[in-house]
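The values are calculated or read from the model by the stated rules, or taken from the named source; none is laboratory data. Keep in mind that what you see is a predicted model, and the values were worked out from it rather than measured. Counting neighbours? That spans all protein chains shown, and the Cβs are built from the backbone with ideal geometry, glycine included. Note: areas computed on protein heavy atoms with side chains; ligands, DNA, RNA excluded. Shrake-Rupley method; radii C 1.70, N 1.55, O 1.52, S 1.80 Å.
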Amino acid sequence: MLIKEMNIRKMNMTMKSPFSTSFGTFQVKEFLLLEATDELGNTGWGESTAFQSPWYSEETLETNLHIIRDFLIPLVLDRGFNHPDEVSELFAPLRKNNMAKAAVEGAIWDLYAKRNKLTLAEALGGTAEKIEVGISIGIQKSAAELIKLVRGYVAEGYKRMKVKIKPGHDVEILRALREAFPDVPLMADANSAYTLNDIELLKQLDEFNLTMIEQPLASDDIIDHAKLQKELKTPICLDESIHSLEDTRKAFELGSTKIINIKIGRVGGLTESKKIHDFCMANGIPVWCGGMLESGIGRAHNVALTTLPNFILPGDTASSSRYWEEDVITPEVVAEDGYITVPKAYGIGYEPNIEAMDRYTVDQFHFKSE
Ligand code: OSB
Ligand code: MG
């Protein structure tokens with residue numbers, strides 16, 4: 001498989017409603033889509049999950065554009081690959097920039113699957129025909145508004161509710177939710193808003209029977225999380241702190257985490273995601289697939305990854321309509337009664353909707369080998 005062309009689209013899509021976390025609010029989403037073409041004219045698609053601002057991690061859409069254009073595309077263009085695992089090996093000498101690497105690698109994984117007449121799920125070794133999905137809910141103005149939203153998502157069938165918390169917006173909100181929904185699987189995501197000084201407050205969350213608390217402490221920490229986990233009954237799930245299989249191993253050995261949120265972009269691609277998945281499976285650590293407010297291209301990659309057997313907990317891969325009036329794939333991703341049926345078409349299994357994509361494209365960069 002020879003990579004002959006790469007195209008980068010800079011996208012601008014407006015979300016249906018703002019999404020607020022402890023670190024900031026999203027509404028207009030700018031991101032990159034990648035398209036790789038081989039010598040036979042097959043194409044594959046990938047998405048960069050970097051945001052406009054370095055809030056979640058140090059990467060941004062502009063740093064991704066720089067790394068992809070100036071370093072990653074020159075490495076893959078006119079190069080032959082037998083398997084997409086070779087892409088992450090090729091990128092390994094370049095440090096970090098995981099979301100940039102994952103975007104290019106993702107396009108090549110889709111291309112490889114299509115060329116070999118496999119679904120992306122099959123190419124990864126996944127077997128599930130449908131996957132369970134939960135939903136992530138941003139910070140709301142009041143507990144009453146949050147309860148109203150959750151009532152709607154419970155009715156839609158989502159398998160677990162994840163709510164964002166931050167200091168001043170935690171114990172009371174979760175108490176109100178738990179009282180309103182005594183049996184709904186519930187978890188909280190702090191996006192690094194607390195420190196070990198908050199240990200007494202975090203212990204209070206144990207009474208709400210949360211399936212986990214996601215990334216309570218610093219985004220680069222695995223030491224304090226181990227100290228915190230010793231004090232908490234609620235399992236800690238690391239998100240921001242995990243960038244690789246090595247991070248996963250160290251966090252597991254220290255006792256910093258009992259569950260892992262795998263995000264393809266954060267760990268540098270599908271090959272590394274699969275390695276983390278396999279390590280967790282061997283060590284009895286359940287995993288689930290996180291979301292980064294992706295368009296349908298990124299969402300489709302998440303669906304394929306989630307077909308691996310250790311994705312035991314519902315992921316954040318809600319329907320396209322959760323965030324978008326119109327997605328950039330056909331059909332759109334649809335969760336029905338809390339399940340997404342894994343598509344049977346080759347590659348990511350959803351067709352890019354070029355007409356819709358063009359309308360949201362604000363810039364394009366094309367690279368072709370002679
Ligand atoms: O921490 O999982 C997170 C959104 C933006 C940045 C970080 C996170 C999130 C979400 C939403 O929780 C996940 C999604 O629905 O795509
Ligand atoms: Mg998170």
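Within 16 Å of ligand 1 (Cβ to nearest atom), of a type in the set (F, W, Y) and either touching an Asp or Glu at 6+ places or on another chain (Cβ under 8 Å) or open to solvent by 40 Å² or more (accessible area, probe 1.4 Å) (or both): does that describe F19? For F19, the condition - within 16 Å of ligand 1 (Cβ to nearest atom), of a type in the set (F, W, Y) and either touching an Asp or Glu at 6+ places or on another chain (Cβ under 8 Å) or open to solvent by 40 Å² or more (accessible area, probe 1.4 Å) (or both) - is not met.
Given A50, A102, A36, A92, which one is within 26 Å of S369 (Cα to Cα), under 16 Å from the mean Cα position of the chain (by Cα) and either at pLDDT 95 or above or not polar (S, T, N, Q) (or both)? Full working, then the answer.
Details: A50 fails: within 26 Å of S369 (Cα to Cα); A36 fails: under 16 Å from the mean Cα position of the chain (by Cα); A92 fails: under 16 Å from the mean Cα position of the chain (by Cα).
Unique residue meeting the criteria: A102.
Checked against (1) surrounded by 21 or more Cβ atoms within 10 Å (Cβ to Cβ); (2) over 13 Å from the mean Cα position of the chain (by Cα), L270 meets all criteria but (2). Within the stretch 201-218, residues that are hydrophobic (A, V, I, L, M, F, W, C) reach partners that are within 14 Å of ligand 2 (Cβ to nearest atom) and assigned to a helix (DSSP H, G or I) with beta carbons closer than 7 Å, at six or more positions or on different chains, in the pairs L217/H225.
Identify all residues within the stretch 3-29 that are touching a Pro at 6+ places or on another chain (Cβ under 9 Å) and not small (G, A, S); write none if there are none.
We begin by selecting, within the stretch 3-29, every residue touching a Pro at 6+ places or on another chain (Cβ under 9 Å); these are 22, 25-27.
Hits for the stretch 3-29 are T25, F26, Q27.
Taking the stretch 1-120 and the helices (runs of 4 or more DSSP H) fully enclosed by it, the elements with 3 or more residues that are more than 22 Å from L305 (Cα to Cα) are at 61-67, 73-76.
Condition check: surrounded by 21 or more Cβ atoms within 10 Å (Cβ to Cβ), within 30 Å of A180 (Cβ to Cβ) and more than 11 Å from ligand 2 (Cβ to nearest atom). Does L238 satisfy that? Spelling it out, it is not the case that L238 is surrounded by 21 or more Cβ atoms within 10 Å (Cβ to Cβ), within 30 Å of A180 (Cβ to Cβ) and more than 11 Å from ligand 2 (Cβ to nearest atom).
Within the stretch 281-295, the residues that satisfy the criterion of being buried (at least 23 other Cβ atoms within 10 Å of the Cβ) and either more than 24 Å from P352 (Cα to Cα) or away from ligand 1 (no atom under 12 Å from the Cβ) (or both) are V287, W288. Answer yes or no: is there a residue in the stretch 129-141 that is closer than 16 Å to W288 by Cβ and surrounded by fewer than 18 Cβ atoms within 10 Å (Cβ to Cβ). Looking through the stretch 129-141, at least one residue is closer than 16 Å to W288 by Cβ and surrounded by fewer than 18 Cβ atoms within 10 Å (Cβ to Cβ). In the stretch 66-82 there is no residue matching the filter, namely being of a type in the set (A, V, I, L, M), surrounded by 23 or more Cβ atoms within 10 Å (Cβ to Cβ) and within 16 Å of ligand 2 (Cβ to nearest atom).
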